[in-house]
Number of protein chains: 2
Amino acid sequence: MRIEKLKEFITEKELDGVLITGRENLFYFTGSSPVLGGYLVVTPDDAIFIVPELEYEEARESSKVPVEKFKTGKELYERLSSFKLRRLGIEGRTSFSTVQTLREKAGTEDFVSIDDVIRDLRIVKTREEIEVIEAACRIADQAMMAALEEISEGRREREIAAKMEYVMKMNGAEKPAFDTIIASGWRSALPHGIASDKRIEKGDLVVIDEGALYRHYHSDTTRTIVVGTPNEKQRDIYYAVLEAQRKGVEAARPGMTAKELDTIVRDVIKEYGYGDNFIHSTGHGVGLEIHEWPRVSQFDETVLKPGMVITIEPGIYLPKFGGVRIEDTVVITENGARRLTRTERELI
Amino acid sequence: MRIEKLKEFITEKELDGVLITGRENLFYFTGSSPVLGGYLVVTPDDAIFIVPELEYEEARESSKVPVEKFKTGKELYERLSSFKLRRLGIEGRTSFSTVQTLREKAGTEDFVSIDDVIRDLRIVKTREEIEVIEAACRIADQAMMAALEEISEGRREREIAAKMEYVMKMNGAEKPAFDTIIASGWRSALPHGIASDKRIEKGDLVVIDEGALYRHYHSDTTRTIVVGTPNEKQRDIYYAVLEAQRKGVEAARPGMTAKELDTIVRDVIKEYGYGDNFIHSTGHGVGLEIHEWPRVSQFDETVLKPGMVITIEPGIYLPKFGGVRIEDTVVITENGARRLTRTERELI
């Protein structure tokens, strides 16, 4: 079915074939993910997965597509050349050097991006994919619980992240979905405050943004707390963000656009007078990549559909003072949206 | 000095400029590494680092090159267009979609790979770089110590990796240099046996291959142990690999080629009758990337020079039985080589 869509694209665009080399897409189309990479060739009639010799046995066990092996680059390009891929569909991320080598050694003349067809497939998740993402979200919730237990005055941000990542791995994660963010005090005003050696101080806002990679799928969640008693301004921005996030989760449903959802969330922050301090988009798709489609922003008019998985993560950032962000990964359902990350949101 | 080399290349190849977008190279040339990426433009007279608005403040603090910001893709490509980069040097890894966008929106017509000039710069490390790599190697040694303490009958491979990665992070690492390999029993015959849920059993060979990423630089080391008393065949292959690895470290010196070093190591394994079971190259360069130049293989005739950092990592893999690999990161010195990872090698 997935491969069939590529074949339809080949016919429609009058291509000789498609070549896929990106790790996530190889997994998506073959079910296999060799450490050393591989080359999936799809032609109008055929699909073949060509992998380095060292990966052959493992790929044969996991791949849904017939597997071949190569020893040297020369052997690989001779085989690719045999498909006569003069007009070839490739991923936008394919490297300049691969394109050059295909031109020189496989006789390819024209290259066409296949990103749109891959996007249209991957943007709606199957039930099986949602189950795996939900499992990744369970692990993120466990890591968040660990963070809430560990954070206290005097601890270093990095120690908290180390413990969270340990909990993720012990619960089955391959690794963190991205560099764990623990941003305390003035650092909480940085949207990308990767855990540093800064010590957490009394009165600090602490933004905890984390996720797990589990069976190739990602999760993404953020909570913010205050160490000790929050002051009035901290409470103000916290409850503005919380209301915006809740309203986003309640409003999200099929048929609306990603832009409309961004507007609903953004308007709450604006009403509280912090519109200029919400300096990023409301969210992004999550799946085989941590940031994928749609973008929940003013620039994406994608119509939401059941099976899409997105984040809803408004934030307010006040330079030098600190920031608040609250984020869940949610799945669009038949008539609304369901939170996949579920840690309590009312934390101050 | 680094930027000067790019300018010389621009003159030599009659380019209008060079565009760098790869994360490691951005750090190498600017000293800055924005999470959201950036665009370093070098022209015959100038160098400018263009970053997303969200990254502007941080980039200005860390970059050795003047920084500009952009809000939208449109703004970015208008600025790039202003440099009139008709003939442009780019990294081989630059994506097909970036190349297409430069063609359409910045008027670039010819693209030339700058990989060789970057390789020639990065392949020899400065004293400062070697100090950071050595610190990354200290952390890898600490993680290895944790593995040796933790491994015992009944533990899952993944638990051991979780503990090691925790130790790395607590000792200052950003993250593991690559997915930690804990390959026990039959899995030790897989050169890339990333830690799984398999339980470690009595009598298992266990290959532990790990490294830390510290201040943008990598380390890489492998040890192999047996849980309990090794049998004769396990001892045989262990001591063959140990002799090959020691001989490699002793032989490595400036003036020889990477291929010659590979031959010296490979010949020891061959003498013991396991030539066909040493199914990968002897090693690889280590630096801002975990696998860089030179390749210590039959296909790389690079002459070793003081300041190059490489791994020496022979292995023997007997399908279904198990495998042994012993690896250190070493730096080529004025008259030999010095081990940067230093965990005891005689472990069975």
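Residues of the stretch B:102-133 that are charged (D, E, K, R) and open to solvent by less than 40 Å² (accessible area, probe 1.4 Å): B:R122, B:K125, B:E129. Considering only residues in the stretch A:227-250 that are closer than 15 Å to A:L318 by Cβ and in contact (Cβ under 8 Å) with a residue 60 or more places away in the chain, the one that is nearest to the chain's Cα centre (by Cα) turns out to be A:V241.
Does B:K64 qualify as being loosely packed, with under 14 Cβ neighbours inside 10 Å and within 14 Å of chain A (Cβ to nearest Cβ)?
Judged against the criteria, B:K64 is not a match.
Going by the conditions given, is A:E346 open to solvent by 10 Å² or more (accessible area, probe 1.4 Å) and assigned by the TED database to the domain that holds A:A244? The answer is no for A:E346. Of the helices (runs of 4 or more DSSP H) lying entirely inside the stretch B:1-101, those containing at least 2 residues that are under 30 Å from B:T126 (Cα atoms) are B:2-12, B:23-30, B:56-62.
Of all residues being open to solvent by less than 30 Å² (accessible area, probe 1.4 Å) and under 19 Å from B:T180 (Cβ atoms) in the stretch A:168-194, which is farthest from the other protein chains (Cβ to nearest Cβ)? Just the residue, please.
By that ranking, first place goes to A:A177.
Quick check: anything in the stretch A:178-199 farther than 30 Å from B:Q100 by Cβ, modelled with pLDDT of 95 or more and within 16 Å of the chain's Cα centre (by Cα)? Checked against the condition, which is being farther than 30 Å from B:Q100 by Cβ, modelled with pLDDT of 95 or more and within 16 Å of the chain's Cα centre (by Cα), the stretch A:178-199 yields at least one hit. Please go through the stretch A:129-157 and pick out each residue that is part of a helix (DSSP H, G or I) and either over 17 Å from the mean Cα position of the chain (by Cα) or modelled with pLDDT under 95 (or both). If the condition is that a residue be part of a helix (DSSP H, G or I) and either over 17 Å from the mean Cα position of the chain (by Cα) or modelled with pLDDT under 95 (or both), then A:Q142, A:A143, A:M144, A:M145, A:A146, A:A147, A:L148, A:E149, A:E150, A:E157 are the ones that fit. In this structure, does A:F49 turn out to be more than 27 Å from B:S297 (Cβ to Cβ), open to solvent by less than 20 Å² (accessible area, probe 1.4 Å), more than 14 Å from every other protein chain (Cβ to nearest Cβ) and in contact with a helix residue (DSSP H, G or I) (Cβ under 8 Å, 6 or more places away or on another chain)? Considered against the rule, which asks whether it is more than 27 Å from B:S297 (Cβ to Cβ), open to solvent by less than 20 Å² (accessible area, probe 1.4 Å), more than 14 Å from every other protein chain (Cβ to nearest Cβ) and in contact with a helix residue (DSSP H, G or I) (Cβ under 8 Å, 6 or more places away or on another chain), A:F49 comes out as no. Of the residues making up the stretch A:140-165, those that are surrounded by 24 or more Cβ atoms within 10 Å (Cβ to Cβ) and within 14 Å of chain B (Cβ to nearest Cβ) number 6.
Of all the numbered requirements in (1) within 11 Å of chain B (Cβ to nearest Cβ); (2) closer than 17 Å to A:L40 by Cβ, A:I118 misses one, and that requirement is (1). Looking only at residues in the stretch A:67-86 that are surrounded by 16 or more Cβ atoms within 10 Å (Cβ to Cβ) and of a type in the set (K, R), the one that is nearest to the chain's Cα centre (by Cα) is A:K69.
Out of the residues in the stretch A:312-336 that are of a type in the set (A, V, I, L, M, F, W, C) and closer than 10 Å to A:I237 by Cα, state the one that is surrounded by the most Cβ atoms within 10 Å (Cβ to Cβ). Among those residues, the one meeting the criterion is A:V324.
May I ask you to verify whether A:R253 is open to solvent by 10 Å² or more (accessible area, probe 1.4 Å), within 21 Å of the chain's Cα centre (by Cα), assigned by the TED database to the domain that holds A:S219 and under 30 Å from A:L26 (Cβ atoms)?
When the stated conditions are applied, A:R253 does not pass them.
Among the numbered conditions (1) among the basic types (K, R); (2) open to solvent by less than 50 Å² (accessible area, probe 1.4 Å); (3) not in a helix (DSSP H, G or I), the only one that A:K202 does not meet is (2). Is the stretch A:281-292 home to any residue that is open to solvent by less than 10 Å² (accessible area, probe 1.4 Å), touching a Pro at 6+ places or on another chain (Cβ under 9 Å) and aliphatic (A, V, I, L, M)? Within the stretch A:281-292, not a single residue is open to solvent by less than 10 Å² (accessible area, probe 1.4 Å), touching a Pro at 6+ places or on another chain (Cβ under 9 Å) and aliphatic (A, V, I, L, M). Residues that are in contact with a helix residue (DSSP H, G or I) (Cβ under 7 Å, 6 or more places away or on another chain) and touching a residue at least 40 places away in the same chain (Cβ under 8 Å) within the stretch B:103-124 comprise B:I114, B:V117, B:I118, B:L121, B:R122, listed in sequence order.
The values are calculated or read from the model by the stated rules, or taken from the named source; none is laboratory data. Note that the coordinates shown come from a computational prediction; the quantities given were computed from them, not determined experimentally. Methodologically, a virtual Cβ is constructed for each residue, glycine included, from the backbone with ideal geometry; neighbour enumeration extends over all protein chains shown. The protein model used for the area step is the full one, side chains on, heavy atoms only, and it has no ligands, DNA or RNA in it. Shrake-Rupley method; radii C 1.70, N 1.55, O 1.52, S 1.80 Å.
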